[in-house]
Amino acid sequence: MYKKPVMIGRILPLIGFVFLSGGASLAQNIALDNLQAFKSPTSNWQIVGNVTADFRVKEQLRLQPGTGILANQPLDPKLAKDIYTLAEHGDADIELEFLMAKGSNSGIYLQGRYEIQLLDSWGKASAGAGDCGGIYERWEESRPDGAKGYEGYAPRLNASRAPGLWQQLRISFQAPRFDAGGKKTENARIIRVQLNGLTIHENVELTGPTRGGMNNDEVARGPLRFQGDHGPVAFRNLKIHTFDNPKPAFRQLTYEIHDGRVVKPEELASLKPVKKGDATLIDHSVSNFSNNYVIRYTGKITIPAPGKYRFRGIYSGGYGQLTVNNQTVFPFSWSNNSREVELPAGELSFEYSYSKVNEGDRPSLGLLVEGPGIRTVALHEPGSVRPSGSSNPIYLEPAREALIHRSFIDFNGQRLPYGVSVGDPSGINYSLNLANGALIRTWRGDFLNVTPMWNDRGNGTSVPLGSPVDLAVAPQITTVAGAPAGQYLFKGYQVDPGNHPAFLYEYNATGFEDRIVPDDEQKYLVRTLKTVRAGTSFSFDLAKGKRIETLPDNTFLIDGAYYIQVTQGGSPVVAEKDGSQTLSIQTSGSLSYALIW
C-alpha cells in the first residue's frame, strides 16, 4: 500500500541541524599505522592489516598482519581495557567503520563520557537503547530499583548488518557549553547519527554522561574512547572532524526593500528603497510584497580565521547575488547558488540581494556558510526559509504480502529502464534488472520512496528507503549447455500465495525460473534458479569484487560487505582478472544460494 508518513528523520530542515561533515572542519585523521595515537593501550588492542569473522562463530576474529585496522581481541576480559585517543574533541563529526564478531559487544564514548552502543544486533525486529547504534542509558544508584537506568535512546530502526561485515558509523556531536566560571550553560547534544547510511538519531539532548563514562563530570573537550573489555571488535578509517572556531557573525547589518521587477544586475543600482531597517540576521519577512521586489542586506561579517569559505544562497522564484570583502561570491543568478571563496580573517564588507520576480513561487531567503573549523551556520532567521521538496512524499510499504514495483532504477551512474523491486513484510527487499536477470541490489528496512516517480511530472525512478548493498548490473548467467549465453528474453513472472514472484526468462531458448525470497528466520535472501529442461548445465557469476575470501561450508565474503553461501549446485571458484575477482559456479539443473548482509 502507499503511505504518506510523517517526515521524521527523512528530511533535515535547512534551518535546523547540520548534515554530517557539513563544514570545512579541522580534520584529525587517526593514523592506524601503530598505537601512538592512543593513551597507554593494553595488550588486547593491536594494529593489523585485515580482519575477518564468520557470522556463525561466536566472539571470534581472525587477524592478519599489517596496518590500517585497530583490533580488539580481549582474550582475558580481566586484563582487557578500553582505549583512549590522545587527541581530544569538542564539537566534532566522527566517521569510522567497525566490524563485530558474532555476539560481540562494544561502544564508542564521545569525550570519553557519552556512549554510542555497538552490538551484534543483526536480524532483530526492533532495537533498544542497548542495541547497535543506541545512545546508552544514564545510571543512578540512588534511584529506585527498575528506574536506576534512564534517558537511554533507541535507534529509530535496526540498521545493523551481519557479524563479520564492515559497517559505517557517522556521528555529529555538539559538546556541552560552559561560562567563564566553568558552570554548564548548555547540555551536550547528538545532532545526528547515521548507521550504514540511515539516520537513527537526530537532535538528542544529553543531560549528562551515560553509564560507564570515564568520569561523571562534563568537559568542553575530551578523548574518543573505545570499549575493549566486552567483546571482539575492529575499527578502520577513523576520522575526527573538529569544529572549534567561532561562528561568522554580522555587525552593522541593515536592509533595504525596493519595489520593482529586477531581472538584470545593472538594474539594482537604479532602485530607490521604500523601506529601511536594522537587522541581526537575514529575514525574508521584512518585506510585505508578494512579487516584483528586491531585498538588499548590507553590513559587515566577522570571519574568525583565514581560509576557504563556502556560502550557499537559498532563494526561490528569483535572482540572488552575494558579495563578501568586495569579491563576488556568486553573481546575479537564478535560484539557489553555492560558491567557495578565499577570505582573510576580520570584519569584511557584506552585501546580499534577492530579486523576487516569479509569481508562481513562494518567497524564501536564506544563507549558509561553512569554513575552517566551523560547522555549517545559518545566517538567516528560521522562518525565512521554506522547506524544500515535496510536502507529501509517497512511500511504498508491504503490509500482509510482498509488493512488486516496476520503475527505472538509478544504479552506479546508470539509469536502468527495466527495473523491478520486491518488498517483503519482513523488511527484506531487493531489486532486479529485468533486462538481463541480474540481482542488482538488496536492503533491509523500509521499502521504496516512489515520490520521484509520481511527484509533478516525475522521472520514473524509485529509491530504496533502507541502506542498500549494491551488487552487479552485468548478466549473471554466462553459459548455457556449454555455449555462451546468447539472447536474453524476459517471459514475465508467477507469484506464490505470499505474492513473491518467480521470474521467468530464457537464454539460448533455454527457460529459467528465478525465485528470490527471505529465509525462514527472515534475516537474508535465498535465491533458487532452475532450468525448465531438467539437467541443463549453466554457468553463473555469483559475485564480483576486489577481494573475495573463502570461508567454510561453501561460504564467501565479498569485499567485507556481504556473504554468499551456496547450498545447492556444487562448489564455486574464485577467478582473478584485471585486478578484480569473480565468484562463479558451473552447475546442472538448479542452483540455490543465500545472500547474507
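The values are calculated or read from the model by the stated rules, or taken from the named source; none is laboratory data. No experiment lies behind these values; they were computed from the predicted model shown. Cβ sites come from the backbone with ideal geometry, for glycine too, and all protein chains shown count toward neighbours. In case anyone asks, the SASA skips ligands and DNA or RNA and just uses the protein heavy atoms, side chains included. Shrake-Rupley method; radii C 1.70, N 1.55, O 1.52, S 1.80 Å.
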**Prompt:** Between Glu266 and Asp361, what is the label-to-label distance in nm when each label sits 7 Å out along the Cα-to-Cβ direction?
**Reply:** 2.4
**Complete:** HN-Hα couplings for the stretch 579-596 via Karplus (6.51, -1.76, 1.60; θ = phi - 60°), in whole Hz with x for Gly/Pro, come out as x, 10, 10, 10, 9, 10, 9, 10, 9, 10, x, 8, 8, 9, 8, 9, 10, 10
**Request:** Add +1 for every Lys or Arg and -1 for every Asp or Glu among the other residues with Cβ under 13 Å from the Cβ of Asn203, and state the total.
**Result:** +1
**Asked** What is the Cα centroid distance between the stretch 447-484 and the stretch 346-392, reported in whole angstrom?
**Response** 36
**Fill in**
The set of residues whose placed amide H lies less than 5 Å from the amide H of Leu206, leaving out same-chain residues fewer than 5 positions away, is Ala188, Arg189, Ile190
**Item:** HN-Hα J in Hz across the stretch 420-436 - Karplus 6.51, -1.76, 1.60, θ = phi - 60°, x for Gly and Pro
**Value:** 9, 10, 10, x, 10, x, 6, x, 9, 10, 7, 10, 10, 8, 6, 6, 8
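With N denoting the number of residues in the stretch 428-520, provide Rg(C-alpha) divided by 2.2 N^0.38 Å, to two decimal places. Don't skip to the answer; put the middle values down first.
Details: Rg = 15.3 Å, N = 93, 2.2 N^0.38 = 12.3 Å.
Normalised Rg, Cα atoms only: 1.24.
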**Request:** Pairs of Cα atoms under 8 Å, at least six residues apart: use those to get the relative contact order of the stretch 451-596, whole percent.
**Result:** 20
**Asked** Quick one: putting +1 on the C-beta of Lys and Arg, -1 on the C-beta of Asp and Glu, what dipole do you get for the chain around its Cα centre, in Debye to the nearest 20?
**Response** 640
**Message:** Modelling each spin label as a point 7 Å along the Cα-to-Cβ direction, I'd like the Arg221/Ser588 distance in nm, to one decimal.
**Reply:** 7.1
**Message:** Can you tell me how the chain classifies by the Cα gyration tensor, rounded, prolate or oblate, using a/c under 1.5 as the rounded cut?
**Reply:** oblate
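Roughly how many debye, to the nearest 20, is the charge dipole of the stretch 283-347 about its Cα centre, given +1 on each Lys and Arg Cβ, -1 on each Asp and Glu Cβ, and no other charges?
That gives the stretch 283-347 a dipole magnitude of about 80 debye.
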**Message:** Which one, Leu489, Phe503, Thr531, is farthest towards the positive end of the dipole of the stretch 449-551 when Lys and Arg carry +1 and Asp and Glu -1 on their Cβ?
**Reply:** Leu489
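For an R0 of 35 angstrom, estimate the FRET efficiency from the Cβ-Cβ distance between Ser43 and Ala305 and round to the nearest 0.05.
Numbers: r = 42 Å, r/R0 = 1.19.
Once the sixth-power term is evaluated, E becomes 0.25.
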**Request:** Report, in deg cm²/dmol and to the nearest 500, the calculated mean residue ellipticity at 222 nm for the chain, where each DSSP H run with n ≥ 4 adds -39500 (n - 2.57) and the sum is divided by the residue count.
**Result:** 0 deg cm²/dmol
**Request:** Extending each Cα 7 Å along its Cβ direction at Ser142 and Asn326, get the distance between those two points in nm, one decimal.
**Result:** 6.3
**Prompt:** How would you classify the stretch 458-587 from its alpha-carbon gyration tensor, with a ≥ b ≥ c the square roots of the eigenvalues: rounded for a/c under 1.5, else prolate if a/b is greater than b/c, otherwise oblate?
**Reply:** rounded
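Take the cross-link list Lys148/Lys184; Lys39/Lys78; Lys102/Lys546; Lys544/Lys577; Lys58/Lys78; Lys58/Lys124 and give me the ones stretching past 22 Å between alpha-carbons. Can you show the working numbers first?
Values: Lys148/Lys184 24 Å; Lys39/Lys78 19 Å; Lys102/Lys546 24 Å; Lys544/Lys577 10 Å; Lys58/Lys78 19 Å; Lys58/Lys124 17 Å.
Going by Cα-Cα distance, Lys148/Lys184; Lys102/Lys546 fall outside the 22 Å limit.
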**Prompt:** Roughly speaking, what is the centre-to-centre gap between the stretch 149-218 and the stretch 527-564 when only Cα atoms are used, to the nearest Å?
**Reply:** 39
**Prompt:** In terms of solvent-accessible area of protein heavy atoms at a 1.4 angstrom probe, what is the ranking of Lys272, Lys300, Lys247, Lys523, highest value first?
**Reply:** Lys272, Lys247, Lys300, Lys523
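Over the alpha-carbon set of the stretch 147-249, divide Rg by the Kirkwood Rh and report the Rg/Rh ratio to two decimals. Mind dumping the intermediate values first?
Details: Rg = 15.8 Å, Rh = 16.2 Å.
Answer for the stretch 147-249: 0.97.
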